[in-house]
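The values are calculated or read from the model by the stated rules, or taken from the named source; none is laboratory data. From a predicted model like this one, the values you see are computed outputs, not experimental measurements. Neighbour counts are summed over all protein chains in view; Cβ atoms, including those assigned to glycine, are modelled from backbone coordinates with ideal geometry.
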Amino acid sequence: MKVWTNDLSIGNAQIDREHMRLIEIYNELVEIIKFKKERKDFSNILSKMTEYALIHFKGEEKYMKELSYPKFAEHKNHHKDYILKVSKYNMEISGANPPVPEDIIKFLDKWWINHILIIDRDYENYKKSIKSNLIYRSFDIFRSL
């Protein structure tokens, strides 16, 4: 289980709330493993996490573009690589030779911590360095996920 701490904050309350929600979904995956539920249950939650991440990434990318963030293309590629990797995991879960759920959890843990602490924190630091007053606006769909 992962617990949100202020150490994970990038200094933007709205983006931090979205990251908290992603960690909540991550913890749902951990619970599925802990209680030895079916692969289908794991796949459903992984899909939910992917859907949420896609929307979160779209918001981040819009925000970074509005900031004229110089590492925008690199950051966007980071998002794309994540989605491709997790989608592949999800397709393989129902196959004959599925990935080990604990391996997926390890990947997600490492990826999200790196993404939040280094990759996302960098664009927020850039925003501060240029003294921008731009406000991040999330998409309303977040309320239902």
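Structure data summary
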| quantity | calculated |
| --- | --- |
| Members of the stretch 5-18 that are buried (at least 16 other Cβ atoms within 10 Å of the Cβ) and either part of a loop (DSSP other than H, G, I, E, B) or of a type in the set (A, V, I, L, M, F, W, C) (or both) | 8, 9, 10, 12, 15 |
| Subset of the stretch 84-110 (residues that are under 16 Å from residue 45 (Cβ atoms), touching a helix residue (DSSP H, G or I) at 6+ places or on another chain (Cβ under 8 Å), surrounded by 11 or more Cβ atoms within 10 Å (Cβ to Cβ) and not hydroxyl-bearing (Ser, Thr, Tyr)) | 86, 90, 93, 98, 99, 101, 104, 105, 107, 108, 109 |
| Residue satisfying all of: in the stretch 116-138; among the aliphatic types (A, V, I, L, M) and surrounded by fewer than 16 Cβ atoms within 10 Å (Cβ to Cβ); farthest from the chain's Cα centre (by Cα) among these | 130 |
| Qualifying position, being among the hydroxyl-bearing types (Ser, Thr, Tyr) and closer than 27 Å to residue 134 by Cα, among 82, 26, 89 | 82 |
| Residue match in the stretch 61-81 (condition: among the aliphatic types (A, V, I, L, M), farther than 24 Å from residue 23 by Cβ, loosely packed, with under 15 Cβ neighbours inside 10 Å and more than 13 Å from the chain's Cα centre (by Cα)) | yes |
| Criterion (surrounded by fewer than 17 Cβ atoms within 10 Å (Cβ to Cβ), assigned to a helix (DSSP H, G or I), of a type outside the set (Ser, Thr, Tyr) and at pLDDT below 95) met by exactly one of 36, 40 | 40 |
